[in-house]
Structures are given as C-alpha cells and as structure tokens.
Amino acid sequence: MRSGQIPKVIEEAAQKHFSWSQIQKGFQSLLDSTIKPSFSKGSYWNSFTISGLVLEDKTVNTRISLRDQKLTSRCNCSQWTEEKHCEHAAAFFLHFLIAEEKLHESHSEGTVDQIFDENSVAPQQFGKYIKDSRKLIGSQGQHYTQLRYKLTNNE
C-alpha cells in the first residue's frame, strides 16, 4: 500500500457500504492514527468483527461486523444511526481490510511481519494459552486490555 492512498480493491469494497465522504473521513482517521482497534477476528472473505476506540474530541466506541456480505455497525457518535453507518465504522472497515492485505502480503513473502504496526503483539507459539501478557512478542509489560491484537485461524 502506498502511503496516503487507499488500495483500489479496498476502496471498491468500502464503496459497497459507505459514502465517499465517509470513506475519506475514515481514511483520514487512519492517517491521523486516531483509531485504536482493541479486537479483531475473522476474514473479509468469510465474516469478521472489529471493534475499538476512536480518539477525537470525544472518544467514541465503534464495532463493525460483516456476515454474508451484510455489514452491521454500532457507534456511540452522533452521526451513527441503525439505518446509516458513520465515518468511524468506515475507518474500522478500512483498517481491517488494509491489515488483512498486509497479512496476505507477509504470508506470500514467507515472513512473520506483525499485522498492524510496531505497537502490535504476537504469540511466540500458536495454540498455547498465555496467562501473562508480558510473554507476548512486542509486549512492553502492558495488561491485555491495553494491547492491540488480532485473532486468526492460524492462517
């Protein structure tokens, strides 16, 4: 992904669910690093859920889910309604798809890059319960609630 541009395939997927204005504002939130995902699970090709905070003048809590190509969202901002998604939902949608694209790139290159950024954490071994979050690669002694992580099917 070139810095400052939404990959075309991700932009096209976003246009199925969001207005162009929401996509632009959501992408700006990504560039400004105001979204802080706290939970992510699934795949765009099957179904996924992602949730977290958007740190603006007022912190908002956002969650989106895609199942059977139907997107649902929840956000406590003033723009969100049950009938219409908001720019925060667009930001999390874009974040999820961009992170998934990076994951596929790292798998095709045979590397074990971290999925989100240098602040992400990863287990040393999959399939093992980790009681102490400080034992995760990239952890700086934070509690689980302070970490950014993504659950995958070990793909």
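Computed with a 1.4 Å probe on the full set of protein chains, the accessible area for ARG134 sits at about 150 Å². Taking trypsin sites (Lys or Arg not before Pro) across region 12-53, the ones in a DSSP loop with at most 11 further Cβ atoms lying within 10 angstrom of their Cβ are LYS16. Take the Cα of ARG74, step 7 Å toward its Cβ, do the same at GLN28, and the gap between the two points is 2.8 nm.
In this structure HIS95 has an accessible area near 20 Å², from a 1.4 Å probe over the protein heavy atoms. So for region 1-95, averaging the separation of alpha carbon pairs under 8 Å that are six or more residues apart and normalising by length, what relative contact order in percent results? For region 1-95, the relative contact order is 27 percent. All Cα-Cα distances of region 32-93, cut into 5 Å bins from zero to the largest, leave 4, 20, 31, 23, 15, 5, 1 percent in each bin in turn.
The values are calculated or read from the model by the stated rules, or taken from the named source; none is laboratory data. Every value quoted in this text rests on a predicted model; they were computed, and no experiment measured them. No Cβ is skipped: glycine too gets one built from the backbone with ideal geometry, and neighbour counts run over all protein chains shown. Ligands, DNA and RNA are excluded from the accessible area calculation, which covers all protein heavy atoms including side chains. Shrake-Rupley method; radii C 1.70, N 1.55, O 1.52, S 1.80 Å.
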